[in-house]
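Have a look at the structure below, then the notes.
What follows is calculated from the coordinates using simple rules that are stated; it is not laboratory data. Since we're looking at a predicted model, the values are computed, not measured. Note: ideal-geometry Cβ built from the backbone for every residue, glycine included; neighbour counts use all protein chains shown.
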Amino acid sequence: MTTTDFFIPCSVNEAVDLLSEHGEELVVMGGGTIMMYLVNEGRLFPRKVMSLRRSGMDEVRAVDGHVEIGAGVTIARIAQLDALSILAQAARILGGPAVRNMATIGGNLFAHAPYGDLGVPLLALDARIELRSKRGQRTIPLEQFFAGHPGGEYLAAELVTALHVPLPQGHGVYLKLGRRHANTPSVVAVAAQITLDDNNVCRAARIALGAASPRPMRAVRAEAALVGERLDDASITAAAEAAMSESDPATDALASAWYRRRMAGLYVRKALEQVAHARSGAQ
Amino acid sequence: MNTLTDTLTVTFKLNSKPVALAVPPLTTLRSALREHLHLHATKAGCGQGGCGSCTVLVNGEPTLSCLLPVALVEGQEVTTLEGISSYGSLHPLQEAFYEHFAAQCGYCTSGMILTAKALLERNPHPSREEIAEALSGNMCRCTGYLPIVEAIEDAARKMEEGQ
Amino acid sequence: MKQLGIVGQSVRRTDGIGHVTGTTRYVDDVFYPNMLWLKMVRSPVARGIIHSVDTSQAEAFPGVAAVITARDVPNNWYTILGLIGIGPNDEPVLADSEVMYEGEPICAIVAESEEIACEAASLVRVEIEEQEPVLDLEYALSPQAPAIKKWGNNTYMYDGMDHRQVRFGNIEAAFAQADHIIEGSYQMSPIEHVPMETHVCVVNPEGDGRLTVHTNTQALYFSLDNTAIILKMPTHRLHFIGGTVGGGFGGKVDVITEPITCIAAMKTGRAVKWRWTREEEFRRSSTRAGAKIEFRDAVMNDGRIIGRKVRSLQDAGAYHRHSPYGLQKHMANVAGPYNIPNVWIDAYCVYTNRQPASAMRGFGVTEASFAVEVQMEKIARTIGIDSWEIRMVNAYRNGQMRAIRKVVEDATLVETIKAAADLVGYELPAHLRAMHSNDYTREDNDQSHGEGAPRHDR
């Protein structure tokens, strides 16, 4: 018994059709690095599986000031997208080399904390996510997607088809704390994209946290502590404390909630200090 | 459209020879190699993609065979440890691992050697950091990694000289 | 002098070529025609009473060949130390009336493929009345904790005592005399070995009634003898084949796969393979015992430790397996390789509702070394003495009596410390360089370890 069908659609339309036809019985697989783990450990018994590997969602296009990334693009390729610097940085230290060859950016968005690193820089870059179903296509802010999807869904009504990422302004930093230097889930991950004017006053701030809550989150109170202020020790301290207070991390085998919360604050501080340093270096 | 029910047929190149299999649909490449084709060099260390023991090369790229449904290697080239040398001779990496005691229990060895092979093919003079980075998805519990790194450095030198 | 063939040469591993060509054979590489696969159903909770086990849906699942429960086990006790006459029988091979740790095996599904066995296993319904688990060492010893063992407490009993003791000299006199009393408390979490190869066992029932058992145990004879006891079978009917172990480190010394796989092979008449997942290896296989080790030391201004009081707790987990033996080794070493004339040790082998502990490299002594050496540093820093000096002053010498009533002989500790100093380029002061393992005389000792302090009182 167990799996009876393994579909490999050759186009997005085919994939959407299969999704509509088989509904709840169909488990969707990107690179397989999340789903096959559960199958191998005897926790998931999918009757029908659909692999998106050949469905054509593997293009990267520059369009009008933003980059459109197919949901099937592998982490290894994302690691080379230097125009989206913090996203590329995050991709370079996600998993190990073979995982990066297989896992996809679309699939990574469904990972449970403390996995799912890519959502962090994507939030900081104001990414939008394109979703398709038989009923049509829509593009929504990534934050909205995370709010509606608790993670680990294989039975989807809509297919994630692409990420639309604006080219970043200002300075970006991505930092990840793990239990090893490589091939580790996050204790905490921080992405910051900050725009400063000529007087070092922050005009725009996006700060996102990973493994500090069930899904990647925007640290909106930390951002508010910066906007309109000069980037200095006082504002950085305020932002770090705000990040600590608004995070809601879990305790797991990797780290306690207490430790994660403290590290969220510390790593927001480190990221902002790097921005300040890069800025003063450039001047 | 590819639809496969109950058994799936897949045809691919394995160690330069064509192979055709009929297997249950979600069979992993690892299971196909070990249980259907009885090539046991590729090891089953975890099933989670975390240890690297099951690493094989698909079109020359390190891939975790425990996470890859074999259906997805249709028409591709798969290389396992059995394919990097012929009986009676050793690839320079195999020689170097042997000389440098880079294998103790031996369970990580297949994955390590194949990952190193892929590395040396794209970067014939890797630094120690580059070797460590390339091996960051392969775990070893016995050697402490240093003999493995030294073996790879040695093999890189010998392969350069050989050419 | 005779010409030596191997001594002095560098010799390559006999299995080296096999490893680098992938031809070394491991148990997971063993296949038999028509082989079945086994999956274990395990307790989801740390402690509870089993009210019912419903295997009907699993048995009806297409491709399932057999279900193994406690009733199928002829002698349902796994007592590894029973081989040397140490009991009691405490751990069932398959849980019957109660469960004592999360992951404890309850019943096994045997099926045509691993996938079928997994899915059928998920259909087994176990009704367990959860009870409050004991998960902390100190709590386990406190009167508030429920007694999880039938004899009414949470410790292994050594000849009627709930702990092991070392008594040497007069610890109270040492405390009275000391210039400093220095305390330290040290904890180690349980550690999992993470061998690259998980536990695997394959059993084939032979035509002559014997069972051929392929296992990656580190202790083939333990496994053979214990399996014979559990199966109530004479040993000549068992043919155990070991060989290359893909990493053991002490984690493959329990007889934890062979008996059930044998029963499955006998019940079905076919070869059976049981291969543990990585999650089982991490969360269900034996670990190094967690430990809590407390010191109270009597120290003189010149760095001599004249008294050491130790209270040590080892977390055996739900069942004692090898832990009573490990504790003994621990206790013999926890005062450290130092000459201390007054020693008092209380060591407890404590039960908790956690995955049972077993051996791991250095078994019992590793955690002692960690605790002792950090305590030595603490002493050094508290009294303002250099790290090298504190150890060389106290290091045991030939002819000294140790707390475990053995006279030191063939000591090289002082020389080893001096060699280490050379290796790291540290210049030891003259008075330390002058020390060696034979510089002890009885008269010296009587004066240096406290005038008037009685030497061998209880």
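Data for the structure
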read-out: Cβ charges +1 (Lys, Arg) and -1 (Asp, Glu), total dipole of the protein assembly as shown, debye; value: 700 debye
read-out: Net dipole in debye of the range A:60-166 [+1 Lys, Arg Cβ; -1 Asp, Glu Cβ; about Cα centre; nearest 20]; value: 280 debye
read-out: Distance between modelled label sites at C:K406 and C:D208, nm, 7 Å Cα→Cβ extension; value: 4.4 nm
read-out: Within chain C: Cβ-based charge dipole about Cα centre, in debye rounded to nearest 20 (Lys, Arg +1; Asp, Glu -1); value: 980 debye
read-out: Cβ-derived FRET efficiency at R0 30 Å, B:E130 paired with A:D64, nearest 0.05; value: 0.20
read-out: Extension gain, C:D96 back to C:L423 (0.36 nm per residue minus Cα-Cα distance, nm); value: 112.0 nm
read-out: Kirkwood Rh, angstrom, the range A:5-51 [1 / mean 1/r, Cα pairs]; value: 11.0 Å
read-out: Chain lengthening between A:R180 and A:A83 when straightened (0.36 nm per residue, less Cα-Cα); value: 32.2 nm
read-out: Modelled label reach - C:F31, point 7 Å along Cα→Cβ, the range C:178-213 residues with backbone N closer than 17 Å; value: C:201-204
read-out: For the protein assembly as shown, diffusion coefficient by Stokes-Einstein and Kirkwood Rh (Cα), 4 °C, 1.567 mPa s, µm²/s; value: 42 µm²/s
read-out: Spacing of the two label points (7 Å from each Cα toward its C-beta) at A:A238 and C:I6, in nm; value: 7.5 nm
read-out: Greater than 24 Å apart at Cα, pairs in C:K309/C:K406; B:K17/B:K158; C:K329/C:K418; C:K39/C:K252; C:K292/C:K378; value: B:K17/B:K158; C:K329/C:K418
read-out: Among C:381-391, C:238-248, the order from most to least packed when residues are scored by Cβ within 10 Å on average; value: C:238-248, C:381-391
read-out: In Hz, Karplus ³J(HN,Hα) per residue of the range C:427-441 (6.51, -1.76, 1.60; θ = phi - 60°; x = Gly, Pro); value: 8, 6, x, 4, 5, 7, 4, 6, 6, 7, 6, 10, 8, 9, 10
read-out: Rounded Å value of the spacing that divides the Cα centres of the range C:306-350 and the range C:143-177; value: 11 Å
read-out: Pairs of Cα atoms farther than 13 Å apart, the range C:295-348, %; value: 61 percent
read-out: Antiparallel %, DSSP beta bridges [both residues in the protein assembly as shown], to 5; value: 80 percent
read-out: Calculated diffusion of the range C:386-429, Stokes-Einstein form, Kirkwood radius summed over Cα pairs, 25 °C and 0.890 mPa s, µm²/s; value: 214 µm²/s
read-out: FRET E, pair C:H236, B:K13, Förster distance 51 Å, beta-carbon r, rounded to 0.05; value: 0.55
read-out: Between helix C:323-333 and chain C: long-axis angle, C-alpha atoms, 0 to 90°, nearest 10; value: 20 degrees
read-out: Cα→Cβ-extended label distance, 7 Å offset, between A:R203 and C:I86, nm; value: 7.4 nm
read-out: Modelled FRET efficiency - R0 22 Å, C:D54 with C:E112, Cβ distances, 0.05 increments; value: 0.50
read-out: Cα pair distances exceeding 17 angstrom across the range A:171-282, given as percent; value: 48 percent
read-out: Chain C: angle of helix C:365-383 to the longest principal axis, Cα-based, in degrees nearest 10; value: 30 degrees
read-out: Gained length - C:W77 relative to C:T382, 0.36 nm times residue gap less alpha-carbon distance; value: 104.8 nm
